[in-house]
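Heads up: the structure comes next, in structure tokens.
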């Protein structure tokens, strides 16, 4: 399932001065089910409180979830069956989503600070504070990638195609086959996404069926 | 001809009807007690529908009108309301109520003064119908859906009951993973449960094209080729005539569908 095609970058940019350095490590702040951390040749059980370092690979099993603190950048939540590589942590935080789905809640960035989410299927840049990225169906050669924004705005750019689009709060897009952007719009299925990352505030597991993101032809009847 | 029918009365009713039907079909017997096909050119119909998607539930509301017969009278009108529930991924079931006016039934072929016969003007006759619907659907490939609508209709005004069986196929033209338009070919079979002399009282294909202007608005264009079998009316039987008469007509229709999702 690990996909190794071109890199898909989701970048967060905020152009404000002042640069407090972010800690160069992260941690698991919440976990449910099987969570594994691959560090070099070792595979560790991911427990609440486990430290995370650049180069770590975090995997969630069936029915599992994990919330990670990424230094001072913010938090991410991994859905079940997700694999996330922590490429770098610190002023420029970069993660790669190899499969599954990822919620990002990023604090306001300053100066040269940046937050990147990569996927292997395309290249894009985004701005925003809370958004969701997930793999959809593989209808063409590469997987579709869904992106939707809960707070702020996201700029998605596909450099190879010279295409870009701003995704506003409440909107979503599909990167078709990883290389074509749909027009941003509200998708009813995104209402089911569970953005909560704080267990103290209730259930944080997201069980949205990504198949709902696709038109259900069996539901298209008009008489 | 009266002598011929007299002998027929000694035969079983079904045999009589079959022979009469054959005579009619071959044009041997065309009496003025028998309704005639008034269709010159197509009938026209239009509908506007509000079809709400509430997840596993769908609500249905539509208003429909039809201009019929040679005079293109705005005769048939209906309002239908109800709901469907998706009991299974491949099955929707529903219940609907319909208020209609202008519908024509077998006994509406009336003897007027003298030797004149005509269809009753039913435009002000309001009827209440209750319907139960079950429609299995199956994907055929990425862009096709096969369905078979099964509907029971009970006309509470005249107690007539009907079973509709309508197999069909719909092909979707997809753009960006979403349907942009779809083309449907269906064949409707209406079976009478308790009226008339022909079990299959109406049948025919219809072709419809639906364009998805947006998630909310869709427009449709459709064409039906309907064969309706009229059975003897009470007045015609009283006048000593029985018949099975096939009325074929083309109906062209347009519609606007509002399809909000919540």
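Annotations for the structure displayed:
- Candidates A:94, A:85, A:5 - the one that is at pLDDT below 90 and outside any loop (DSSP other than H, G, I, E, B): A:94
- Residues being free of Cβ contacts under 8 Å to residues at least 60 places away in the same chain and buried (at least 16 other Cβ atoms within 10 Å of the Cβ) - total across segment A:156-165: 3
- Comparison of B:257, B:252 shows that the only residue that is at negative phi and within 12 Å of another protein chain (Cβ to nearest Cβ) is B:257.
- Meets criteria (within 30 Å of residue A:185 (Cβ to Cβ), free of Cβ contacts under 8 Å to residues at least 40 places away in the same chain and loosely packed, with under 13 Cβ neighbours inside 10 Å) for residue B:142: yes
- For segment A:49-72, a residue qualifies if it is over 15 Å from residue A:83 (Cβ atoms) and part of a loop (DSSP other than H, G, I, E, B), and the qualifying residues are A:49, A:50, A:53, A:54, A:63, A:71, A:72.
- Annotation: residue A:211 fulfils all but one of (1) within 11 Å of chain B (Cβ to nearest Cβ); (2) outside any strand (DSSP E or B); (3) without any contact (Cβ under 8 Å) to a residue 60 or more places away in the chain; the unmet one is (3).
- Of the set (1) surrounded by 14 or more Cβ atoms within 10 Å (Cβ to Cβ); (2) at pLDDT below 50, all apply to residue B:77 but (2).
- Selection within segment B:94-138 - within 14 Å of chain A (Cβ to nearest Cβ) and surrounded by 18 or more Cβ atoms within 10 Å (Cβ to Cβ): B:94, B:96, B:98, B:131, B:133, B:135, B:137
- Taken over segment A:167-190, residues that are modelled with pLDDT under 85 and either farther than 19 Å from residue A:215 by Cβ or in a loop (DSSP other than H, G, I, E, B) (or both) amount to 2.
- Filter result for residue B:208 (within 12 Å of chain A (Cβ to nearest Cβ) and in contact (Cβ under 8 Å) with a residue 12 or more places away in the chain): yes
- Hits in segment A:187-215 - residues which are exposed (fewer than 14 other Cβ atoms within 10 Å of the Cβ) and farther than 24 Å from residue A:65 by Cβ: none
- Members of segment A:77-91 found to be in contact with a strand residue (DSSP E or B) (Cβ under 9 Å, 6 or more places away or on another chain) and within 22 Å of residue A:40 (Cβ to Cβ), listed by number: A:78, A:82, A:83, A:84, A:85, A:86, A:87, A:88, A:89
- Residues satisfying the stated conditions in segment A:175-186, i.e. within 17 Å of the chain's Cα centre (by Cα) and either crowded, with 23+ Cβ neighbours inside 10 Å or away from chain B (no Cβ under 11 Å) (or both): A:175, A:178
- Restricting attention to segment B:18-74, the residues that are touching a helix residue (DSSP H, G or I) at 6+ places or on another chain (Cβ under 6 Å) and modelled with pLDDT of 55 or more total 1.
- If the condition is being within 24 Å of the chain's Cα centre (by Cα) and surrounded by fewer than 14 Cβ atoms within 10 Å (Cβ to Cβ), then segment B:228-245 contributes only B:234.
- Every condition in (1) crowded, with 19+ Cβ neighbours inside 10 Å; (2) more than 10 Å from chain B (Cβ to nearest Cβ); (3) touching a helix residue (DSSP H, G or I) at 6+ places or on another chain (Cβ under 9 Å); (4) touching a residue at least 60 places away in the same chain (Cβ under 8 Å) is met by residue A:148 except one, and the failing one is (4).
- Pick from segment B:178-190, criterion surrounded by 16 or more Cβ atoms within 10 Å (Cβ to Cβ) and within 12 Å of chain A (Cβ to nearest Cβ), ranking: farthest from residue A:177 (Cα to Cα): B:188
The values are calculated or read from the model by the stated rules, or taken from the named source; none is laboratory data. Bear in mind that the values here come from a model prediction, so they are computed numbers and not experimental data. FYI the Cβ positions are ideal-geometry reconstructions off the backbone, even for glycines, and counts take in every protein chain you see.
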